[in-house]
1. Determine ³J(HN,Hα), in whole Hz, for all residues of the range 107-121 in sequence, where each value follows from phi through the Karplus function 6.51 cos²θ - 1.76 cosθ + 1.60 and θ = phi - 60°; x replaces Gly and Pro.
2. Residues with amide H under 5 Å of Phe58's amide H, sequence separation 5 or more or different chain, H placed in the peptide plane at 1.01 Å from N; which?
3. Using just the Cα positions, wrap the range 35-146 in a convex hull and report its mean projected area in square nanometres, one decimal place.
Amino acid sequence: MPEPAAPAGPLAGRTAPHGKVAEPLPLCPSSALAERGLAFGFDVQLWGQSARAFALRFDGRVVAYMNRCAHVPVEMDWQAGDFLDHERRWIVCSIHGATYDPVHGHCLAGPCAKRRLMAIETVERDGQVYWYPSRDIQPVAFDAAAEESPR
């Protein structure tokens, strides 16, 4: 499989915590994200702690955010992967009703005024969606010893 193109624009030169340029990580096939459909949830490490994130397709573009309301850090989906309102126009927190613009994550209404969702950079190439780790958001570490231990 060919490597995705080097990041350009705001992703150019992004560095991982160890000082190297962050490499994009495979997230899901492009076909897993229907326009304004259910989101694809995934596990990450946020500030060294386990957390959930999600990606969805909105107006033809893949966007990804931490699954944390800007008002109170709780997961926002109504049911697994269901973040959008009934009209499929806004991301809405199921707990507090905070309403966010899916394009840039800014809070439009509710108790999170002037805040925004924590964005995760993505790129879509050759039928695959990739995400970029950042200083604060890292992939979940694979523990080979835990995988090999008997249950």
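1. Residue by residue, the range 107-121 yields 6, 9, 7, x, x, 10, 2, 6, 10, 8, 6, 7, 7, 10, 5 Hz.
2. Amide H to amide H, under 5 Å and 5 or more residues apart or across chains, Phe58 pairs with Arg36, Val63.
3. For the range 35-146, averaging the hull's shadow over all directions gives 7.9 nm².
FYI, it's all coordinate maths here, none of it is from the lab. The structure presented is a predicted model; accordingly, all values stated were derived computationally and were not measured.
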